[in-house]
Amino acid sequence: MEEARSSILLPGNKVKVIIIMIVSNQHKAPIFDVLLSHAKRNVISLHCPGHKNGRSIDRKLKEYTNEEVYKFDVTVFDEVDSLHDPVSSIKKSQELMAQAYGVKNSIFLVNGTSIGNMAMLLSACDSGDSVILSRNSHKSVIAGIILSGVWPIWIQPKIDQDLDLIFNSTYEQIKDSLDKYPETKAVFITSPTYNGIVTDLKKIIDLCHKRGKIVMVDEAHGGHLIFNKKLPISATSAGADLCVQSTHKVLSALSQGSVLHFNSNLLDFNKVKKIVSMLQTTSPNYLILASIDLARRQAFLYGEKKFNNIINIAEYARDYINKHIKQMQCFTRNTIKKLGFDLDVTKLTINVTKMGLSGYEIENILSNKYNIQLDYADMFNLIAILGEGTIKKDLEIFVRTLKDISKKYPGLQKNWTLKIPSLATEMVMKPREVFLSDKIKKISLKKAVGHVAAQVLTPYPPGIPIIIPGERITKEICEYLLEIASKKRVSGQESDMLSTIKIFAK
Ligand SMILES: Cc1ncc(COP(=O)(O)O)c(C=O)c1O
């Protein structure tokens with residue numbers, strides 16, 4: 001139940017406050033309800049998919065899963081509504097989502113935030129427009145740049161070599177960039193980062209809007225922020241024109257379930273809808289749609305309490321590591337605030353450089369020897385992502401295991417000397433032009449300095465491309481690639497060992 005207050009002025013200037021109780025529909029889950037009632041009808045399926053309500057799903061898969069679940073895997077027909085042209089349950093569920101986030105419209109995505117990022121760039125910009133972005137954007141943003149044909153104006157993200165951490169763009173950096181390139185059509189922000197770093201969104205968005213610029217936010221990691229007052233501001237509350245969230249990353253939707261929020265006076269919603277429709281499959285998975293529907297319901301009704309608990313669990317783990325494991329460190333919200341950013345404390349970044357082992361090596365030890373799988377590791381850090389389903393016991397085991405590892409694996413007993421490289425920002429050619437060009441050749445990575453890259457190379461996760469088409473390859477980047485190539489596969493490498501790179505041949 002929501003409460004609305006309005007006041008009227010009575011004679012003698014007395015104010016009468018009228019309280020109107022508005023029945024909120026947030027407890028409803030229209031997509032799930034329709035699918036459940038469909039599943040219970042046990043209809044004869046003469047539609048796709050071929051497994052026919054789960055009947056022919058392989059026995060081995062069925063042994064491990066509940067057969068009933070496959071009755072939710074249907075195709076588009078009137079009863080279950082259409083994602084591309086919603087008129088009933090999907091329409092209602094998207095309206096509830098928009099209401100929960102306080103935006104004009106929300107569109108469900110069944111291929112993750114990845115296509116949301118592409119859709120935002122394609123909706124907001126025409127080919128040849130320029131867009132200001134932080135160079136540590138996700139690889140799907142680079143895909144959006146290539147597809148849309150925009151000119152990226154990169155902001156070099158601040159790198160803290162003590163914390164081994166890359167930040168997102170600051171207000172000052174975006175203001176400088178807008179002053180320098182006033183013709184820019186839009187600004188694209190990633191917040192929070194993989195590590196949970198949140199930039200000063202409200203101030204940045206207000207500035208951009210004053211200058212008539214469209215603001216898009218990749219909030220893949222921030223779908224939960226709006227549901228708990230202790231967490232940093234979300235892009236929807238800060239006034240972004242477009243924002244995409246992976247409902248599956250921290251909230252409880254199934255993988256691939258994301259949402260694109262529209263809240264703009266500068267853009268046409270119908271255009272956004274058409275572009276999203278061009279990028280989505282015509283056979284959306286209804287289980288994913290139902291899970292987005294229920295994730296919203298759950299977060300709206302119970303998010304405040306749930307995330308109070310998750311915040312406490314995260315702070316317990318952070319505290320334990322900082323007090324009891326001297327070779328590992330977790331930065332705190334205070335540390336990040338002093339550096340001018342905010343932190344979503346539910347993300348746990350654990351710096352392991354004093355172990356003499358890389359983050360990758362410890363990630364492998366955790367997985368192979370202790371049955372603990374992290375979301376991400378790099379040379380310097382481990383990242384644990386907490387979510388709706390996290391319980392304290394998991395974190396108790398995790399921190400005790402880290403302590404055990406710190407004793408059993410003393411590593412090389414020396415600190416790493418490798419540094420996070422500055423990402424290249426010199427764009428020589430438009431990414432789309434190089435991507436589509438046939439003047440491409442392969443050369444040794446060792447000889448690539450100074451050439452124009454013609455390929456995307458992305459250590460994954462976190463999925464930030466270290467090389468993108470059209471940019472000048474720097475010495476620092478070459479050295480970094482050679483170093484990490486010996487430790488981990490890099491997404492985009494075309495042979496077993498990353499020893500060559502594609503460049504634009506003049
Ligand atoms: C910052 C960021 N943006 C976008 C994505 C892509 O999200 P999805 O996996 O939902 O496609 C990721 C994935 O890790 C990400 O970290």
Quiz prompt | Of all accessible heavy-atom area on region 303-408, the percent that carbon and sulfur account for (1.4 Å) | solution = 46 percent
Quiz prompt | On Cα atoms only, tilt of 112-124 relative to the major axis of the chain in degrees | solution = 90 degrees
Quiz item: What residues have an amide H closer than 5 Å to that of ASN381, excluding those fewer than 5 places away on the same chain, when H is modeled at 1.01 Å from N in the peptide plane?
Solution: VAL352, GLY359
Self-check item: Given LYS347/LYS392; LYS229/LYS305; LYS62/LYS249; LYS442/LYS475; LYS28/LYS92; LYS326/LYS408, the pairs whose alpha carbons are separated by over 21 Å
Solution: LYS62/LYS249
Quiz item: Which shape class applies to the chain: rounded if a/c is under 1.5, otherwise prolate when a/b exceeds b/c and oblate if not, where a ≥ b ≥ c are the square roots of the Cα gyration tensor eigenvalues?
Solution: rounded
Quiz item: How large is the dipole of region 431-504 about the Cα centre if only Lys and Arg carry +1 and Asp and Glu carry -1, each at its Cβ, rounded to the nearest 20 debye?
Solution: 140 debye
Quiz item: In square angstrom, what is the accessible area per residue of the chain with a 1.4 angstrom probe?
Solution: 46 Å²
Quiz item: In whole Hz, what ³J(HN,Hα) sequence does region 45-52 give by Karplus (6.51, -1.76, 1.60; θ = phi - 60°), x for Gly and Pro?
Solution: 8, 10, 10, 5, x, x, 6, 6
Exercise. Show the residues, 5+ positions off or on another chain, whose built amide H is closer than 5 Å to the amide H of ILE153.
Key: VAL131, ILE132, LEU133
Quiz item: Cα axis of helix 286-324 to longest principal axis of the chain: angle in degrees, 0 to 90, nearest 10?
Solution: 50 degrees
Quiz item: Just in region 293-373: which trypsin sites (Lys or Arg not before Pro) are loop by DSSP and have at most 16 other Cβ atoms within 10 Å?
Solution: LYS326
Quiz prompt | Student exercise, the chain dipole from Lys, Arg, Asp, Glu Cβ charges, in Debye to nearest 20 | solution = 700 debye
Quiz item: Within a Cβ distance under 11 Å of VAL87, other residues only, what is the Lys/Arg minus Asp/Glu net charge?
Solution: -1
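How would you classify region 303-408 from its alpha-carbon gyration tensor, with a ≥ b ≥ c the square roots of the eigenvalues: rounded for a/c under 1.5, else prolate if a/b is greater than b/c, otherwise oblate?
Numbers: a/c = 1.78, a/b = 1.27, b/c = 1.40.
Oblate, because a/c is 1.5 or more while a/b does not exceed b/c.
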Quiz item: Quick one: if the Förster radius is 41 Å, what FRET efficiency do ASP176 and GLU67 give, using the C-beta to C-beta distance and rounding to 0.05?
Solution: 0.10
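The values are calculated or read from the model by the stated rules, or taken from the named source; none is laboratory data. Keep in mind it's a predicted model, so treat the numbers as computed, not measured. Reconstructed Cβ throughout: ideal geometry from the backbone, glycine too, with neighbour counts over all protein chains shown. Accessible surface is based on the protein model in full, side chains and every heavy atom, while ligands, DNA and RNA are left aside. Shrake-Rupley method; radii C 1.70, N 1.55, O 1.52, S 1.80 Å.
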